[in-house]
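Have a look at the structure below before the remarks.
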Number of protein chains: 2
Amino acid sequence: MAPVSFLDRTANIITDSESTRSQITLGQYVFERLLSCGTRTVFGVPGDFNLSLLEHMYDEEIENQGLKWVGTCNELNAAYAADGYSRYTNNIGCVITTFGVGELSALNGLAGAFAEDVKVLHIVGVTPSKFHTDAVVSHHNVHHLVPAPKNSNFEAPLHRVYHDMVKDRISCSTEFLDNLETACDQIDKVISDIFRHSKPGYIFIPADFADKLVDPVNLFAMPTINLDMVLSGNVFDERRIQIASDLLLQLIYKSKAPAVIGDVLCDRFGCTNQLREFVQKTQMWNFSSMMGRSILDESKPTFRGVYNGSESESQVSSIIQNCDLILHFGAIRNEMNTGHYSFSFSPNSTIVEIHPDYFKIYDSLSGKKTHIEGFPLKSFLQTVIECLDVQKLNFGYPDVVKKQAASISYDPDSPVTQSNLQLVFPKCLNPGDIFVTETGSFQFAVRDFVFPSNLKYISQGFYLSIGMALPAALGIGCGMVDYPRQHINEVENTVPKDYIPRLVLTEGDGAAQMTIQELSSFLRYNIPLEIFIWNNDGYTVERAIKGPTRAYNDIMPWNWTKILHALGDISETKTQNCKIETFGQLSKHLNALKLNDNRATIKLLEVKLERMDIPEQLKIMAKACRHT
Amino acid sequence: MAPVSFLDRTANIITDSESTRSQITLGQYVFERLLSCGTRTVFGVPGDFNLSLLEHMYDEEIENQGLKWVGTCNELNAAYAADGYSRYTNNIGCVITTFGVGELSALNGLAGAFAEDVKVLHIVGVTPSKFHTDAVVSHHNVHHLVPAPKNSNFEAPLHRVYHDMVKDRISCSTEFLDNLETACDQIDKVISDIFRHSKPGYIFIPADFADKLVDPVNLFAMPTINLDMVLSGNVFDERRIQIASDLLLQLIYKSKAPAVIGDVLCDRFGCTNQLREFVQKTQMWNFSSMMGRSILDESKPTFRGVYNGSESESQVSSIIQNCDLILHFGAIRNEMNTGHYSFSFSPNSTIVEIHPDYFKIYDSLSGKKTHIEGFPLKSFLQTVIECLDVQKLNFGYPDVVKKQAASISYDPDSPVTQSNLQLVFPKCLNPGDIFVTETGSFQFAVRDFVFPSNLKYISQGFYLSIGMALPAALGIGCGMVDYPRQHINEVENTVPKDYIPRLVLTEGDGAAQMTIQELSSFLRYNIPLEIFIWNNDGYTVERAIKGPTRAYNDIMPWNWTKILHALGDISETKTQNCKIETFGQLSKHLNALKLNDNRATIKLLEVKLERMDIPEQLKIMAKACRHT
């Protein structure tokens, strides 16, 4: 269904004042637009073809609005950081690189954002426009650009080769600016599309365009572009929302044991609060998907666990089997988020999938399917909440035996193991903290953590690119500076006003080696961090799948507690580094971190684990991964 | 011109013994084939979809042949290392990754190899074959794979999406194995193509294929695949070589002042020795292109410098202007290698470009052009050498005033500067050393170094991806272990038999931060290295172009002499680290390194330079790069 374009809707609004508006540079336009959308920090690396754009960050108008540049050690890390910034703020994370060398280095970060529906804008500085228009120079092989595949001494290189690689593959919207008349519209189109689809987009800007003058009409016509605006731009039918809402409510009123599954697109499409309100009002049993962790308040008694098909905790599977209505909000289907496509509900149940693009009812008994397309999830949820009559609810949940909290009685001198770590680690997290986990063995254990309220959990749960979490945490930390406490529902009052949320990151040693240099940026930009390095001597996830003792799963043993000293804490006063080998040391440190008010430093904790100590949850996944 | 395929030529040779041949696994085939081509070390990172392939490195037949695995800290570094391995050995550098996360991280390394004609094979482990054939599972969104751009809950992902991104863009040959019957042929086709075009190729291998049995007929039919074999596979005409050779010799005999320009494709297409022999026999004046450095013996009196159009040293430009015949061997035209397309010769001269794909004569006076295509450079050069009658040479070179070696008389307590560095640094290089420079300010100064004989210079001179040189040096170091002294012309006898060549790497600090973790692999795999870090406090090349004082050109100051301690030299006994701030310290250390026989350690020298100290040579380039 084609939405009405913003540009169409607004094109004629401001024509009157056109003669009085002064032109601005395209570079200024880019940063004005980003700021207007809530992007206050941009990430990247300078390069020959983006310098002229970067210069406009220092335009008075831009500097006055407080735009921040965070230069990362390399471009992949910049892309990861932009991804993290967006995951935290739900605004656009922006990465700026030079074309070729920088852009391609960042590509895997963009692919990850695409796979996990994250709003990242990649601005690529390309050769000046003369290279695209002048027949002589367009034949030149320019540095950072791959030459023509054949006869490159005579054939011109394809100046849009990198554009063609990403378009419609890892980018929902891709514009190569080649006309100043349309440049601002093209920029706004990509930004609108990013919000609309919650996927990455690309803008390729010729190096000479940054200083060229453009008409800033769009900034007046659309002072901002954001999620709500983009969604309300869809041609949707209030009546159809009402019909869908009525349908849903009838199912709810009829149900004895409904279940909500909160999934990741609720977060991406900005309706986490609505979903929480819905759950709060109905007191429905609720579950989280693997990728939807921390969208629902896990500390509430109605929260029943993480549902992941046959890879769930057994108690969770059996509870959900007793439900007669499944309301799956913001559903994303992929093998990690569906327990390898093993979701299975009661044969008497009705399953409703509510997705930003569709509303779908499946009646297991009759096999009847209802499918409605094209209205925004958030408006729909709001309508449901408004129309809900709690008097008509008639739930009769069976009694469930509460899972006993495992008692922790380890010898303080015993080594740290994945199993005692799982028991003690979650207790160190406070309401309101940000908890980031890297792809790795420990990530699978997190499935069974019960998070405190208002904790935000961030992890790349499907694409699984190791090395992502550390630079992503940098972006998250920058987001926390730009939007402190944004993730906290202040109505619920579970996080004291003076509590400064912690940024807690856990990393495997193999993953940490991938992108370790970015730790130095936490120092450079004063981003407080607690980082746990699980030193289990290599790629334990891979060992679980194949080659447990093979050299290919080994890594070089590093001197982890000296890394920050090498990467910039020369005086060794800005960071705290320690090595943990026993359960007693671990407990002591976790407790100290939980209570510590000093958020100004970077704390690195190296935790020694056995190389073949594999969480039970990972063993199930590893079995699914053994392909041969 | 279509070459006759190996497979066509050999398909029927071994059919007799087919019944007695035992099948081998595809995994074994891959490594047997690589070994047969001279690739003795492979680089990469394990991942879910390549483990089953990696296992076959431990097959008895493979282990017995001494195949080595070098696991790098991340995949981009693996690609760079494979590139370095190939640049040194002129064999295929192989990188193995898992698809998506690993493969895309490596992509920029492959693009650089494509831009600079380097033989890199990227083997990508992909989802098992059932995902490509079974309608149900092929609809599943698998981790590491980007989902369909739209409706990804219902539309199947494109399993070949990454294949489609690289094919015919950064890969000269791309095969996705989907049929065991043709798999070996597909593998051999990619390998042949890599040699034929001296460009990277890709093979995508489903995870379950590694253990499947195949007929190893090709290994018997073609016990090896290499450059000579691939080139002789071309349909070329001995007669046309003879015609071209006669044409060339007539021009040479007529010439009073011919000039040879040795360019990079002589190296890539294996005819460096032939070119040297040609120069030696004719005693022609010879020059190097920017990218062709160290192909010719720069210590010889007939070597007249580096020609790079208007960006040459002025003396070199004026010498070449006096030449009436320009023989440009192995020419690659790009902006860096042609002084931004500014090559300019005498109006009376004849210019001959001898390229692996064509032979082209341009007569400046008459404007007449002769163009012959399709014979191998090496065979051509051999024919020219054989037919050459030195009695007919009739050169009358004008006298040239030898450039005075600048005297070095700096105060030992004065700071190190780009200008005193340029004077003293080349003196530390010995005949036979390997000298690797990172893209950066110092790289431009290297233009004016005169290298000792049999030194091999390696630098990414066109694509210019900073961060490349350090992991590339790892690959070079591995190549030096596999093929010690391979680059040394033992006939010339300029390198003592017992001299162990040094691996000398120079890096800017900004570039070094990009890929620093790979330093740990030198420790892990015992690769001796001398690394100079030019600590000039940020991206000086960019400062030269724009924003000299802007924060975007700053980096975090690191504790360089502690990096190796953090990355694995825990006891601080395996490495030597020092900080150099004065010219006196620099001279002392350079001299010690030159004379030092201890090649077993890793030596890191941090050299402090002023942030705006820019070599003169870079200023010219920077001017060309200021696009706005």
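The values are calculated or read from the model by the stated rules, or taken from the named source; none is laboratory data. Everything numeric here is computed off the predicted structure, so don't read it as measured data. Positions of Cβ are backbone-derived with ideal geometry, glycine not excepted, and every protein chain shown enters the neighbour counts. In case anyone asks, the SASA skips ligands and DNA or RNA and just uses the protein heavy atoms, side chains included. Shrake-Rupley method; radii C 1.70, N 1.55, O 1.52, S 1.80 Å.
Using R0 = 35 Å, the C-beta based FRET efficiency linking A:ALA156 and B:ASN64 works out to 0.10.
Looking at the square roots a ≥ b ≥ c of the eigenvalues of the Cα gyration tensor of the stretch A:238-392, which shape do they give, rounded for a/c under 1.5, prolate if a/b is larger than b/c, or oblate?
Working: a/c = 1.33, a/b = 1.25, b/c = 1.06.
Rounded.
Got a sec? What order do A:ASP411, A:ASP83 fall in by accessible area at 1.4 Å, biggest, i.e. largest, first?
Working: A:ASP411 90, A:ASP83 0 Å².
Order by accessible area, largest first: A:ASP411, A:ASP83.
What does the accessible area per residue of chain A come to in Å², with a 1.4 Å probe and no ligands, DNA or RNA counted?
Details: 21430 Å² over 628 residues.
Accessible surface, normalised per residue, equals 34 Å².
Taking each DSSP H run with n ≥ 4 as -39500 (n - 2.57) and averaging over every residue of the protein assembly as shown yields -9500 deg cm²/dmol at 222 nm.
Normalised by the number of residues in the stretch B:6-232, the mean separation of alpha-carbon contacts (under 8 Å, six or more apart) gives a relative contact order of 26 percent. Identify, among A:ILE361, A:LEU249, A:ALA259, the residue whose Cα sits farthest towards the positive end of the charge dipole of the stretch A:238-392, taking +1 on the Cβ of Lys and Arg and -1 on the Cβ of Asp and Glu, with the dipole about the Cα centre. Farthest along the dipole direction, towards plus: A:LEU249. Each label was represented as a point 7 Å from its Cα along the Cα-to-Cβ direction; for A:ASP211 and B:GLU313 these points are 3.4 nm apart. The mean number of partner chain beta-carbon atoms within 10 angstrom of a residue's beta-carbon across peptide B:495-502 is 0.
Chain pair A, B: how much accessible area is buried, both chains summed, with a 1.4 Å probe, in Å² to 100? Don't skip to the end; give the middle numbers.
Numbers: alone 25740 and 25730 Å², together 42840 Å².
What A and B bury together is about 8600 Å².
Around the amide H of B:GLY568, modelled in the peptide plane, lie the amide H atoms of A:ASN559, all under 5 Å away and 5 or more residues distant in sequence or on another chain. Sequence-ordered 3J(HN,Hα) estimates for the stretch A:281-298 from the Karplus curve with 6.51, -1.76 and 1.60 and θ = phi - 60° stand at 5, 8, 6, 5, 5, 9, 10, 10, 7, 4, 7, x, 4, 6, 6, 9, 7, 6 Hz, glycine and proline given as x. DSSP bridge analysis restricted to the protein assembly as shown gives an antiparallel fraction near 15%, rounded to the nearest 5. For the pair B:ILE243 and B:LYS497, a Förster radius of 35 Å applied to the C-beta separation gives a FRET efficiency near 0.25, rounded to the nearest 0.05. By the rule of a C-alpha distance below 19 Å, with chain neighbours fewer than 8 residues away ignored, the aspartates and glutamates paired with A:LYS368 are A:ASP246, A:ASP324, A:GLU353.
Could you work out the relative contact order of chain A, using alpha carbon pairs under 8 angstrom and six or more residues apart, expressed as a whole percent? Let's see the in-between values first.
Details: 1284 pairs, mean separation 80.8, N = 628.
Reported as a whole number, the value is 13 percent.
Take the Cα of B:ASN394, step 7 Å toward its Cβ, do the same at A:MET612, and the gap between the two points is 8.2 nm.
Averaging the Cα positions of each part gives two centres, and for the stretch A:492-562 and the stretch B:483-530 these lie 31 Å apart.
Using a ≥ b ≥ c from the Cα gyration tensor of chain A (square roots of the eigenvalues), is it rounded, prolate or oblate, where a/c under 1.5 gives rounded and otherwise the larger of a/b and b/c decides, a/b for prolate? Please list the in-between numbers first.
On the way: a/c = 1.75, a/b = 1.19, b/c = 1.47.
Note, shape of chain A comes out oblate.
Shape analysis of the protein assembly as shown yields a ratio of the Cα radius of gyration to the Kirkwood radius, Rg/Rh, of 0.98. Taking every DSSP bridge with both residues inside chain A, close to 15 percent are antiparallel.
Report relative contact order for the stretch A:238-392 in percent, whole number only (criteria: Cα-Cα under 8 Å, sequence separation at least 6).
25 percent
Label-to-label distances for A:GLN283 across copies, nearest first, come out at 10.5 nm, using points 7 Å from Cα in the beta-carbon direction.
Subtracting the Cα-Cα distance of A:VAL424 and A:ARG485 from 0.36 nm times their residue separation leaves 19.4 nm of extension gain.
Checking the cross-link pairs B:LYS256/B:LYS392; A:LYS130/A:LYS212; B:LYS119/B:LYS189; A:LYS150/B:LYS369; B:LYS562/B:LYS608; A:LYS579/A:LYS608 against a 18 Å limit on the alpha carbon distance flags A:LYS150/B:LYS369 as lying beyond it. Of the residues in the stretch B:160-174, those shielded by at least 30 Å² of accessible area once partner protein chains are present, compared with the chain alone at a 1.4 Å probe, are B:MET165, B:ARG169.
Of the accessible area of chain B, computed with a 1.4 Å probe over protein heavy atoms only, carbon and sulfur atoms account for 51 percent.
With R₀ fixed at 25 Å, the C-beta to C-beta distance from A:SER138 to B:ASP228 puts the FRET efficiency at about 0.10. Whole-percent P(r), the stretch A:451-527, all Cα pairs, 5 Å bins from 0: 3, 13, 23, 21, 17, 13, 7, 2, 0.
Modelled spin labels at A:THR370 and A:GLU581, positioned 7 Å past Cα toward Cβ, are 6.4 nm from each other. Exposure check, 1.4 Å probe, all protein chains in place: A:ILE555 carries approximately 20 Å² of accessible surface. Straight Cα distances below 29 angstrom link A:LYS497 to the lysines A:LYS68, A:LYS281, A:LYS300, A:LYS378, A:LYS427, A:LYS456, A:LYS574, A:LYS588, A:LYS594, A:LYS603, with same-chain residues fewer than 8 positions distant left out. Multiplying the residue separation of B:SER299 and B:ASP413 by 0.36 nm and removing their Cα-Cα distance gives an extension gain of 37.9 nm. With label points set 7 Å from Cα along Cα→Cβ, the inter-copy distances at A:HIS139 are 5.3 nm, sorted shortest first.
What separates the B:SER419 label point from its copies, with the point 7 Å along Cα to Cβ, is 7.2 nm, written shortest first. Karplus-based coupling profile of the stretch B:139-149, in residue order and whole Hz: 7, 7, 7, 9, 4, 6, 10, 6, x, 4, x, with θ = phi - 60° in 6.51 cos²θ - 1.76 cosθ + 1.60 and x standing for Gly or Pro.
Between the C-alpha center of the stretch B:388-451 and that of the stretch B:109-155 there is a gap of 47 Å. For the stretch A:528-565, a reduction of at least 50 Å² in accessible area between the chain on its own and the assembled protein chains (probe 1.4 Å) is found at A:GLU542, A:LYS546, A:ARG550, A:TYR552, A:MET556, A:TRP558, A:ASN559.
Keeping every protein chain in place, order B:ARG611, A:ARG33 by accessible area at 1.4 Å, biggest value first, i.e. largest first. Provide the component values of the computation, followed by the final result.
Details: B:ARG611 70, A:ARG33 0 Å².
Sorted descending by solvent-accessible area, the residues read B:ARG611, A:ARG33.
Backbone geometry of the stretch B:111-117 corresponds, through the Karplus equation with coefficients 6.51, -1.76 and 1.60 at θ = phi - 60°, to 3J(HN,Hα) couplings of 4, x, 5, 5, 5, 10, 6 Hz, x marking Gly and Pro.
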